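Just below is one structure, and these are the notes that go with it.
The values are calculated or read from the model by the stated rules, or taken from the named source; none is laboratory data. Everything numeric here is computed off the predicted structure, so don't read it as measured data. A quick note on method: Cβ atoms are made from the backbone with ideal geometry, for glycine too, and the neighbour counts reach across all protein chains shown.
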Amino acid sequence: MDHQARWLNKVPLVTAYFWIIKILSTTVGETGADYLIFDLRFGLVLTSLIAAVAMAAILALQFRTDRYVPWTYWLAVVSLSIVGTLITDNLTDNLGVSLYVSTAVFAAALATTFWLWFRAEGTLSIRAVNTPSREAYYWAAILLTFALGTAAGDLISEEMGLGYALSGVIFAAAIAVVLAAFRFNVLSGVAAFWLAYVLTRPLGASIGDFLTQPARHGGLALSTMTTSAAFLVVIAVLVAYLTLSGIDREERAAVR
């Protein structure tokens, strides 16, 4: 039996812990990028290069595993959250691309990725991310959801002037609609998951911006370093719990 055939599912079961850590990760993606760019004064370009190299190294580590390992998986999610944020920021701030355009382009790119994934693999199920090609499609989709979520979040909160608090309420309500549609069998599990995954990105970013942006911009002006560190500590505690309990691992759930 070859190595690929021995792979177990490389992603966690979708539980409440999954969504809590996901939202915390997206908040860190927003506040962590701001900390590097503004507080440490690395600037957008240097921060983007550092984040991209770190992401590549973390993904290489993730691909070397043959099953879901909580700390490598969630480290990859945090790194992609930061890079996805920076991709959109570079397009907006350095290249002057409209948020309307970037939102549309990333939505089309994500739809194309799903189409290619399904055409090649015959499934978009996250219960079957158990080959290198499926994992590659999975992480490509994850990166695009972060870039799309950043663009859509900035479009609504900043370009449309709705502010961070109201934007957070809007995205939370949209997630509730997706959940209701899933519960009443209007949306499939796969469609509901990916819609919620996109929407939790701007929700987390709105939370991060609300906490750290100056009061004149509608924020609470908390330190980006403190906010990022606090959220990372919570993520670390939850990941440690998942590692010890194994409650979000496919093979553990199967024997219960």
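Reported count of residues in segment 209-231, each being touching a Phe, Trp or Tyr at 6+ places or on another chain (Cβ under 6 Å) and part of a helix (DSSP H, G or I), is 5. Among the candidates Ala165, Ala104, Ala152, the residue that is of a type in the set (Gly, Ala, Ser), under 21 Å from Thr26 (Cα atoms) and within 15 Å of the chain's Cα centre (by Cα) is uniquely Ala152. Just so you know, in segment 200-252 the residues that are of a type in the set (Gly, Ala, Ser) and touching a Lys or Arg at 6+ places or on another chain (Cβ under 9 Å) include one that is surrounded by the fewest Cβ atoms within 10 Å (Cβ to Cβ), and it is Ser245.
Go through the residues of segment 180-188 one by one and say whether even a single one is under 18 Å from the mean Cα position of the chain (by Cα) and either of a type outside the set (Gly, Ala, Ser) or over 29 Å from Leu59 (Cβ atoms) (or both). No; the residues of segment 180-188 include none that is under 18 Å from the mean Cα position of the chain (by Cα) and either of a type outside the set (Gly, Ala, Ser) or over 29 Å from Leu59 (Cβ atoms) (or both). Would you check if there is a residue in segment 121-141 being modelled with pLDDT under 95, closer than 20 Å to Arg201 by Cβ and in contact with a helix residue (DSSP H, G or I) (Cβ under 6 Å, 6 or more places away or on another chain)? For segment 121-141, residues modelled with pLDDT under 95, closer than 20 Å to Arg201 by Cβ and in contact with a helix residue (DSSP H, G or I) (Cβ under 6 Å, 6 or more places away or on another chain): present. Within segment 143-174, restricting attention to residues that are crowded, with 19+ Cβ neighbours inside 10 Å and among the β-branched types (Val, Ile, Thr), the residue that is nearest to Phe106 (Cα to Cα) is Thr145.
Listed by position, the helices (runs of 4 or more DSSP H) enclosed by segment 1-101 that each have at least 1 residues that are free of Cβ contacts under 8 Å to residues at least 40 places away in the same chain, more than 13 Å from the chain's Cα centre (by Cα) and loosely packed, with under 15 Cβ neighbours inside 10 Å are 3-6, 16-34, 43-64. Would segment 150-165 turn up any residue that is over 16 Å from Thr103 (Cβ atoms) and part of a helix (DSSP H, G or I)? Scanning segment 150-165, I find at least one residue that is over 16 Å from Thr103 (Cβ atoms) and part of a helix (DSSP H, G or I), so the answer is yes.
When segment 121-149 is filtered for residues that are part of a helix (DSSP H, G or I), more than 22 Å from Gly96 (Cβ to Cβ) and small (Gly, Ala, Ser), the ones remaining, listed by number, are Ala128, Ser133, Ala136, Ala140, Ala141.
Test Leu110 against the criterion of being at pLDDT 95 or above, more than 22 Å from Ala191 (Cβ to Cβ) and surrounded by 14 or more Cβ atoms within 10 Å (Cβ to Cβ), and give yes or no. Taking the combined requirement at face value, the residue does not satisfy it.
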